[in-house]
Amino acid sequence: MLALAAAIMPAFFCVAPAAAQTVQTGDRIDGTAVIDQLDASDLAPGKVHRFWFRVSDNAIGQGWYVPVIVVRGAQPGHRLLLTAGIHGDELNGIDVIHRLVGKIDPARLSGTIIAVPGLNTPGLLHHTRAFTPGDGVDGANLNRLMPGDPISSDRASLYAGRLWSQVLRPNADTAIDLHTQSRGTAYPMYVFAGSDRARAIGELIGPDMIKIDPGVAGSVETEMLKSGVPAITLELERPEMFDRVVIARAVDGIERVMVDLKMLPLGSAPARTVKPYIGDTLARVATSRGGYATLLVDLGDAVTKGQPVATLADPFGRIIETLAAPESGRVNSIATDPLRDPGDTVMRILYTAAPQQQPAPGK
């Protein structure tokens, strides 16, 4: 009976074999091959390879498919994993991957880019942050579920586990997970860094700010770091849009990382033009009442403790509250929706609470 069950069990419910390999299912979608597992080292060098990865079934027995692009260099070298769209309303990173892949000549590349431009297919289809596979109601946060469980009966954990075990972790020497802020809010170009090496990668990217951060359990960045892979989360401003300015900055920054990793020749990337502000703590500015918030400062502005940074008005336009910066630092995120309930966040300020240390070499 067990043998019969194993024989009829779909491939995506099976544990990956001990010997890694790229497993093609034999299916094709619009001419593109479908895979059940990726091992980039299997693929022909000096070429760009494109696949659909079938993550799991949906409720009508069809597949949830995720696009995978592998740029296999003509020469051996580092494996750089790029991921985007784990939150379905955070889109700038998808275009970063598209533009970067379009620029890279595999003949000049040493090593391999493994890029997944759209991890959360149900969330992308529903325009939601969370994994939303069925009725359109937000479900689990996939970026809190890694490494997941590829044989779980929970659909979100299964989805996360399949992504992690069949594509992401086995193909990463360094990882950059691309995000934006969520709906109703905005970031500058911003990096979370949880190790000395991650901070160094962040500085090569050249964002407006870097937060030295212990990370969040279950995120791609944190779980990669736990498994020994240097990783950062790169936040790219606002959700639900392609912002060509921040996208171009991100492409340039990733190319600088690739030069540092010896994947591209020296001189292949433009010089960094922004020196990031580095902090380790976020201070929240929140309302005590409901009303209409007006910001008095912009993203990235330097503020001093006690400085007025926002006002709150009643429906008649009368100021009912003035909000002050609780710490001196830089404006790290803002609410883009003026309507605020009592206790809502209006902005966050990044500052340094602990003495900053220089990154230790090689970490």
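The values are calculated or read from the model by the stated rules, or taken from the named source; none is laboratory data. The shown structure was predicted, so the numbers you read here are calculated from the model rather than taken from an experiment. So basically every Cβ, Gly included, is an ideal-geometry build from the backbone, and we count neighbours across all protein chains shown. For accessibility, only protein heavy atoms count, side chains too; no ligands or nucleic acids. Shrake-Rupley method; radii C 1.70, N 1.55, O 1.52, S 1.80 Å.
Observations on the structure shown:
- Fully extending the segment from I151 to D105 would add 12.8 nm, taking 0.36 nm per residue of separation and subtracting the current Cα-Cα distance.
- The chain, helix-only ellipticity at 222 nm - DSSP H runs n ≥ 4, -39,500 (n - 2.57), divided by all residues, nearest 500: -5500 deg cm²/dmol
- Residue of A313, A59, A293 that the Gaussian network model of the chain assigns the largest fluctuation, springs spanning Cα pairs under 10 Å: A59
- Label sites at Q75 and D314, each approximated as a point 7 angstrom past Cα along Cα to Cβ, lie 7.1 nm apart.
- Efficiency of FRET between T345 and A217 - r from beta-carbon atoms, R0 22 angstrom, step 0.05: 0.50
- Residues in the range 318-336 that a label on V274 would reach, taking backbone N under 19 Å of a point 7 Å out along Cα→Cβ: 329-336
- Inter-centroid distance (Cα atoms) of the range 110-149 relative to the range 292-308, Å: 33 Å
- Model label zone, A302; criterion: amide N under 15 Å from point 7 Å along Cα-to-beta-carbon; scope the range 262-286: 275-279
- Computed lengthening from H127 to D173, 0.36 nm per intervening residue step minus Cα-Cα distance: 13.5 nm
- Listed values [x] 21.6; [y] 25.6; [z] 22.5, entry calculated as Kirkwood radius over Cα pairs in Å: [x]
- Rolling a 1.4 angstrom probe over the range 187-261 with all protein chains present gives an accessible area of which 52% lies on carbon and sulfur atoms.
- Each part gets one Cα centre, and for the range 185-206 versus the range 54-106 those centres are 21 Å apart.
- Computed over protein heavy atoms with a 1.4 angstrom probe, the accessible surface ordering of R330, R244, largest first, is R244, R330.
- Antiparallel %, DSSP beta bridges [both residues in the range 69-197], to 5: 25 percent
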